[in-house]
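Structure record follows, encoded as structure tokens.
The values are calculated or read from the model by the stated rules, or taken from the named source; none is laboratory data. Predicted model, so just to flag it, every value in this text is computed and none were measured. Please note: Cβ atoms are built from the backbone with ideal geometry, for glycine as well, and neighbour counts cover all protein chains shown.
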Amino acid sequence: MRLIGGILKTFVLLALLGAAAYAFLGAFPFFKRSVPCAEPIPYILGTFDTEFNISKSYFISALSEAEAIWEKPYGKNLFVYEPEDSGKRTLKVNLVYDYRQQATNKLKSLGIVVEDNKASYDSLKSKYTELKKEYESEKSAFNARVEAFNQRKKAYEAEVKSSNDKGGASPQEYKRLEAKRLLLNAEAGELAREEDRINGIVDEINALVVILNRLITTLNLSVDKYNTTNNARGESFEEGVYYTDGLKSQIDIYEFENRDKLVRVLAHELGHALNLDHVEDPKAIMYKLNQGNNKVPTAADLAELKTKCEKS
């Protein structure tokens, strides 16, 4: 009887625990097991950096176009935009401006068009080599000017101190020292402008480095990555990334050259939100690199979509 009583107690305890777990999961829907394509994934707009110079409506329109890439062949709504966070398990889409888009904008402002091919890489590499040589020459000359300026400034300050130690300068001496001071100030202004010009070369070099490193990855080139000049930062380049820890999910978009590229990177990350994996077709939306130009899923994309969504 004691054994049976113990079994009954255990059974009752397990039943209570099961009921509690069911109630807990019901209260917090994000703990429920997510089934791809079973119901539309709600998403909201999170961080929206204005440095991209696009409107929220433009971005949401691109998101809608990216949705359709998966929804049209599947014949079912897979995502739904929500203007405000409803508190449900919602996918947050962020537009984050950093050095990646900065580099793209910099090259655009210089009239440099970047394409995902070897010819574009070779052209940018040639430009980089030319600018790097110019920078090293200009920087060397600038450093020499600064050193000479500092010596003249030091000599001027020594003259002023000597004059003050003697009880002050005569009118003629004061006039001479004042002329030196004005010349030094004028040269300091010239050096500041020269430094700004050289820093502009540095910005252009660093923009080229970012894009060259992206092309090395995109084109799978067997060459070493380039280093930035006078600038410490990571060398990784991702146009977008999807992240989830089971409790929250988000898409961060960092860079796009034009609307087609924006739609493709959004479609790629939305694919990950559907639990789609990378495929081997280089032209596919779900290829590991955003190097294609099409906005229509390839056979490899559709096979991956079918595999994952048939589980729902």
Margin query: For the range 113-120, check the following and say yes or no: at least one residue is loosely packed, with under 12 Cβ neighbours inside 10 Å and closer than 30 Å to ALA192 by Cβ.
Written below: no
Item checked: Selection within the range 293-310 - farther than 11 Å from ALA267 by Cβ, in contact (Cβ under 8 Å) with a residue 24 or more places away in the chain and either buried (at least 16 other Cβ atoms within 10 Å of the Cβ) or over 22 Å from the mean Cα position of the chain (by Cα) (or both) -> LEU302, ALA303, GLU304, LEU305, LYS308, CYS309
Margin query: Cβ-Cβ under 9 Å, sequence separation 6+ or interchain: first residue in the range 237-257 and touching a residue at least 24 places away in the same chain (Cβ under 8 Å), partner part of a loop (DSSP other than H, G, I, E, B) and among the basic types (Lys, Arg). Which pairs?
Written below: LEU247/ARG89; LYS248/ARG89; SER249/ARG89
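Would you call ALA169 free of Cβ contacts under 8 Å to residues at least 24 places away in the same chain, part of a helix (DSSP H, G or I) and not polar (S, T, N, Q)?
No.
For (1) farther than 20 Å from LYS125 by Cβ; (2) at pLDDT 85 or above, each residue gets a yes or a no:
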{"position": "ASN206", "(1), (2)": "no, no"}
{"position": "GLU235", "(1), (2)": "no, no"}
{"position": "GLU239", "(1), (2)": "yes, no"}
{"position": "LEU274", "(1), (2)": "yes, yes"}
{"position": "ALA303", "(1), (2)": "yes, yes"}
Next item on the list: Can you give me the number of residues within the range 35-47 that are crowded, with 16+ Cβ neighbours inside 10 Å and farther than 15 Å from GLU269 by Cβ?
Entry: 1
Check: Would you pick out the residues in the range 86-137 that are among the β-branched types (Val, Ile, Thr), under 25 Å from LEU289 (Cα atoms) and at pLDDT below 90?
Finding: VAL96, THR104, ILE112, VAL113, VAL114
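Can you name every one of the strands (runs of 3 or more DSSP E) wholly within the range 39-134 that holds 2 or more residues which are touching a residue at least 40 places away in the same chain (Cβ under 8 Å), within 24 Å of the chain's Cα centre (by Cα) and within 29 Å of VAL210 (Cα to Cα)?
It comes to 41-48, 91-95.
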Check: Can you find even one residue in the range 152-174 that is under 27 Å from VAL202 (Cβ atoms), at pLDDT 90 or above and not hydroxyl-bearing (Ser, Thr, Tyr)?
Finding: yes
Margin query: Among the residues of the range 256-273, what is the count of those that are in contact with a helix residue (DSSP H, G or I) (Cβ under 7 Å, 6 or more places away or on another chain) and buried (at least 21 other Cβ atoms within 10 Å of the Cβ)?
Written below: 7
Note to self: Let me confirm something: among ASN227, ASN220, ASN290, which residue is closer than 23 Å to ILE112 by Cα, touching a His at 6+ places or on another chain (Cβ under 7 Å) and assigned to a loop (DSSP other than H, G, I, E, B)?
What the structure shows: ASN290
